[in-house]
Amino acid sequence: MESESVSDRVARLRDEIRHHDELYYLRAKPEISDLQYDQLVKQLETLEAAHPDLVSPDSPTRRIGDAPVPHLQQVPHAVPMLSIDNTYSRAELVAYFTRTEKLLPGESIQWVMEFKIDGVAASIFYEDGLLKLGVTRGNGEVGDDITHNIRTIRDLPLRLRGAPPKLLEVRGEVYMTNTDLADLNLRQVEAGDEPYKNTRNVTAGTIRLLDPSIAAQRNLRFFCHGVGRTDGLIFETHIDFLDSVSTFGIPPTPQVRVLEGSEAALQAVAALEEAMPDLPFEVDGIVFKVNSLAQRVKLGTRSKSPRWLIAYKFERYEAVTRLEKIEVQVGKTGTVTPVAHLQSVSIADTTVSRASLHNADEIERLDVRVGDFVVVEKAGKIIPKVVRVEKHLRQSELLPFCFPTHCPVCDGQLVRDAGGVYIRCINPNCAAQLRGRLAYYASRTGMDIDGLGEKIIDQLIEKKLVGGYADLYRLTEEDLIARVDLVKERKAKKLVDAIEASKSKGLTRVLTAISIRHVGPRVARVLTERFSTVWSLREASVEELSAIPEIGDVIARSVHEFINSDCGRRLLDDLAAVGVRLSEDRVAPKADPGDSPLAGKTLVVTGTLQQFTRDEIKQLIERLGGRASEAVSSKTDFVVAGEKAGSKRDKAAQLGITILTEQQFIDLTGHAK
């Protein structure tokens, strides 16, 4: 709108934001996504910053949340319930960490990482251990009294356990599980009412109802993630507070992690993202909080939000489609995973026809059946997941899915992990496991055998040319040409040469490649730094292994059992017999600070290098006394940029960090490959 004046544009944005506030907070019927809403607010903030004369006290940028609904009693917050700043990209997250580090110069920062539950914010008061009051966030200064509905939440004790403080105000999210929403929608349709779209909307409406019996029927839940006023509770960190409220019987947000520094926090994001599909409730992001309360005081707050926390959010997209089949697949460690085959549907510009159902317990929890209509969600880069079953759309009596008792590939017995949720095929000769193990063994993470793909592996197994890793090294060009359709003469020589070259990769690569449970590249390297041969590793006790930093009891037992089992011994002896190196050169000691230009320095490697693989240059950096990191921050000393270096190089330039070409790195260190 070219002719629109700045004042008119500001007025239009304010009206539009207020309209969406009413839809989101009062009616629980949002029309736009969180990202679109945040973009509107950001536009208004930018205009008001450029034109201070247009700022007004009733602007949406000057308020925190929703207005209290009129039919409930209003209660002022003694400590304002502020909102959280949002970010939608890793680059913005890095920028936030960098800003925070600059505000605390010379101080190390512990970050608490937790799920951002997609629910309704509430504050719960306990006096002398008794639940006295529940209040919505409202506009941050004043909220609605929802005590009558809060008392129906079974997660929240009416009387705290142990020795609670005189006054305790906990803050958190009221939410509903996906399964409870499915059951509620079934009841809604049977009663002739409209089903609810998502858990957040029904929670927002339920928590403000006047009749607590309705709230009780809907089985609302609560997670604690913050604190308001307290009297008699002493804690110095956020994690200490969560531990304390847990002892009183109040559930804290699950799977909370404490991480040392922003780089560790960035690297740990993937762990929570991977855990998301298994959650029975909705999340719309990950929250990072400074753990230390003293540091929080130093950082302070802005007008709307604290400086000591940030929400890393991602857009969620979902669609309803029909479940056509459930198939179980067998992985390289024998884990049997059910997969949903769906009627193809477009979600976030991608066609989705399959989604993991994770395990037998998940199928039972969802009560998902072949023929059901299901809600499939894709959040950010996360793989599609089945969120819930639309039970009210179930047209006929569908049979429950019966999880198999025997492997669909080898007919071997399936056994559930002791105390766990995963069901496994325990036949070590299962063809499906062999296929998965060989594919991983040949992968770049494993022994890096170029040209040995899954289709060739399938034929090698079918023709009975391989039954284990060592058989790969017994293959000849004549075998491949004569019996494997996909391999011609020229390719046969290349493949045999690549297999032969992998013999010298060393013990770290071998331990990574042979699919020992809980052992990946990092654990394998830690083990070989302590035990440089497979024979010395065999002699190590569980206690010796668990004493190694980063190993622990679970990994130690897994390694010890595998290495000393009949199967593990035969496997490694067989690899040794065909000439695979089962030792590792002792890593040279790190350079003294006076001898190495990298001593005590943090380096990030990005882009494609010509002389080094990524692992090789990282190992060299560590050997020369430096630290190889994945994320660029204000604490980074050098960025080594190869070809096609992208955002990390740009970030380094913005922060004024020294950027080295590969040749400059070689010149600086005096080390070429």
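Please count how many residues of the stretch 336-358 are buried (at least 18 other Cβ atoms within 10 Å of the Cβ) and in a strand (DSSP E or B). Adding up the residues that qualify gives 6. Just so you know, in the stretch 325-341 the residues that are among the polar types (S, T, N, Q) and touching a helix residue (DSSP H, G or I) at 6+ places or on another chain (Cβ under 8 Å) include one that is farthest from Val415 (Cα to Cα), and it is Gln329. Can you tell me which residues in the stretch 195-244 are part of a strand (DSSP E or B) and closer than 21 Å to Arg161 by Cα? Once the filter is applied, which keeps residues that are part of a strand (DSSP E or B) and closer than 21 Å to Arg161 by Cα, the stretch 195-244 yields Arg221, Phe222, Phe223, Cys224, His225, Gly226, Val227, Gly228, Arg229, Thr230, Asp231. The set of residues in the stretch 350-408 that are small (Gly, Ala, Ser) and either on the phi > 0 side of the Ramachandran plot or more than 21 Å from the chain's Cα centre (by Cα) (or both) comprises Ser353, Ala360, Gly371, Gly380, Ser396. Residues satisfying the criterion are present in the stretch 423-439 (criterion: at pLDDT 90 or above and surrounded by fewer than 18 Cβ atoms within 10 Å (Cβ to Cβ)).
For the stretch 443-453, filtered to residues that are open to solvent by 10 Å² or more (accessible area, probe 1.4 Å) and not basic (Lys, Arg), the residue that is modelled with the lowest pLDDT is Thr445.
Need pairs with beta-carbon distance below 7 Å; first residue within 25 Å of Arg218 (Cβ to Cβ) and assigned to a loop (DSSP other than H, G, I, E, B) and within the stretch 160-177, second basic (Lys, Arg) and open to solvent by 10 Å² or more (accessible area, probe 1.4 Å); sequence gap 6+ or separate chains. Once the first residue is within 25 Å of Arg218 (Cβ to Cβ) and assigned to a loop (DSSP other than H, G, I, E, B) and sits in the stretch 160-177, its partners that are basic (Lys, Arg) and open to solvent by 10 Å² or more (accessible area, probe 1.4 Å) give Met176/Arg218; Met176/Arg221; Thr177/Arg221.
In the stretch 457-478, the residue that is surrounded by the most Cβ atoms within 10 Å (Cβ to Cβ) out of those that are among the hydroxyl-bearing types (Ser, Thr, Tyr) and within 17 Å of Met447 (Cβ to Cβ) is Tyr469. The set of residues from the stretch 173-229 being polar (S, T, N, Q) and farther than 19 Å from Pro251 by Cβ comprises Asn185, Gln188, Asn198, Asn201, Ser213, Gln217.
Being open to solvent by 50 Å² or more (accessible area, probe 1.4 Å), over 24 Å from Val79 (Cα atoms) and of a type in the set (A, V, I, L, M) is not true of Ala268. Given the criteria aliphatic (A, V, I, L, M), farther than 25 Å from Asn564 by Cα, at pLDDT 90 or above and open to solvent by less than 70 Å² (accessible area, probe 1.4 Å), does Leu495 qualify? Against the criterion (aliphatic (A, V, I, L, M), farther than 25 Å from Asn564 by Cα, at pLDDT 90 or above and open to solvent by less than 70 Å² (accessible area, probe 1.4 Å)), Leu495 qualifies. Any idea which of (1) free of Cβ contacts under 8 Å to residues at least 40 places away in the same chain; (2) surrounded by 15 or more Cβ atoms within 10 Å (Cβ to Cβ); (3) among the acidic types (Asp, Glu) is the one Glu362 doesn't satisfy? (1) is the only condition that Glu362 fails. Restricting the first member to the stretch 211-237 and to residues that are touching a residue at least 24 places away in the same chain (Cβ under 8 Å) and at negative phi, and the second to residues that are assigned to a loop (DSSP other than H, G, I, E, B) and among the small types (Gly, Ala, Ser), the beta-carbon pairs closer than 8 Å and six or more apart or on different chains are Phe223/Gly119; Gly228/Ala78; Arg229/Ala78. Would a scan of the stretch 537-546 turn up a residue that is assigned to a helix (DSSP H, G or I) and of a type in the set (Val, Ile, Thr)? Looking for residues that are assigned to a helix (DSSP H, G or I) and of a type in the set (Val, Ile, Thr), one finds at least one in the stretch 537-546, hence yes. Within the stretch 339-349, the set of residues being more than 21 Å from the chain's Cα centre (by Cα) and in contact (Cβ under 8 Å) with a residue 24 or more places away in the chain comprises Ala340, Leu342, Val345, Ser346. Inclusion of Gln255 among residues that are at positive phi, within 27 Å of the chain's Cα centre (by Cα) and either of a type in the set (S, T, N, Q) or open to solvent by 30 Å² or more (accessible area, probe 1.4 Å) (or both) is warranted. Against the test of being within 17 Å of Glu616 (Cβ to Cβ) and of a type in the set (A, V, I, L, M), the options Ala556, Ala547, Ala501 yield a single qualifying residue, Ala501.
Listed by position, the helices (runs of 4 or more DSSP H) inside the stretch 406-495 whose residues that are in contact (Cβ under 8 Å) with a residue 24 or more places away in the chain, within 23 Å of Leu571 (Cβ to Cβ) and aliphatic (A, V, I, L, M) number at least 2 are 431-442, 454-462, 469-472. Only one of the numbered conditions (1) open to solvent by 50 Å² or more (accessible area, probe 1.4 Å); (2) within 22 Å of the chain's Cα centre (by Cα); (3) of a type outside the set (Asp, Glu) is violated by Gly261, and that is (1). Taken across the stretch 318-326, residues that are open to solvent by less than 40 Å² (accessible area, probe 1.4 Å), assigned to a strand (DSSP E or B), in contact with a Pro (Cβ under 6 Å, 6 or more places away or on another chain) and modelled with pLDDT of 95 or more do occur, with at least one present. Residues in the stretch 130-160 that are open to solvent by 40 Å² or more (accessible area, probe 1.4 Å) and acidic (Asp, Glu): Glu141 alone. Of the residues in the stretch 538-546, none is open to solvent by 70 Å² or more (accessible area, probe 1.4 Å) and touching a residue at least 40 places away in the same chain (Cβ under 8 Å). When only residues in the stretch 100-124 that are surrounded by fewer than 18 Cβ atoms within 10 Å (Cβ to Cβ) and in contact (Cβ under 8 Å) with a residue 40 or more places away in the chain count, which is nearest to Gln255 (Cα to Cα)? Here the residue is Ser108. For the stretch 368-393, the tally of residues that are open to solvent by 40 Å² or more (accessible area, probe 1.4 Å) and modelled with pLDDT of 90 or more stands at 3.
Residues satisfying the criterion are present in the stretch 504-522 (criterion: among the basic types (Lys, Arg), modelled with pLDDT under 90, outside any helix (DSSP H, G or I) and open to solvent by 10 Å² or more (accessible area, probe 1.4 Å)).
Consider the stretch 271-287 and keep the residues that are of a type in the set (Gly, Ala, Ser) and surrounded by fewer than 17 Cβ atoms within 10 Å (Cβ to Cβ). The one that is farthest from the chain's Cα centre (by Cα) is Ala275.
Applying the condition of being over 11 Å from Arg388 (Cβ atoms) and open to solvent by less than 30 Å² (accessible area, probe 1.4 Å) to the stretch 168-187 and asking which residue is farthest from the chain's Cα centre (by Cα) yields Leu168. Has the stretch 111-125 got at least one residue that is hydroxyl-bearing (Ser, Thr, Tyr), touching a Leu at 6+ places or on another chain (Cβ under 7 Å) and either under 21 Å from Glu169 (Cβ atoms) or part of a helix (DSSP H, G or I) (or both)? Within the stretch 111-125, not a single residue is hydroxyl-bearing (Ser, Thr, Tyr), touching a Leu at 6+ places or on another chain (Cβ under 7 Å) and either under 21 Å from Glu169 (Cβ atoms) or part of a helix (DSSP H, G or I) (or both).
The values are calculated or read from the model by the stated rules, or taken from the named source; none is laboratory data. This one's a predicted model, so the numbers in the text were calculated from it and none came from an experiment. FYI the Cβ positions are ideal-geometry reconstructions off the backbone, even for glycines, and counts take in every protein chain you see. Protein only, heavy atoms only, side chains kept; ligands, DNA and RNA dropped before computing areas. Shrake-Rupley method; radii C 1.70, N 1.55, O 1.52, S 1.80 Å.
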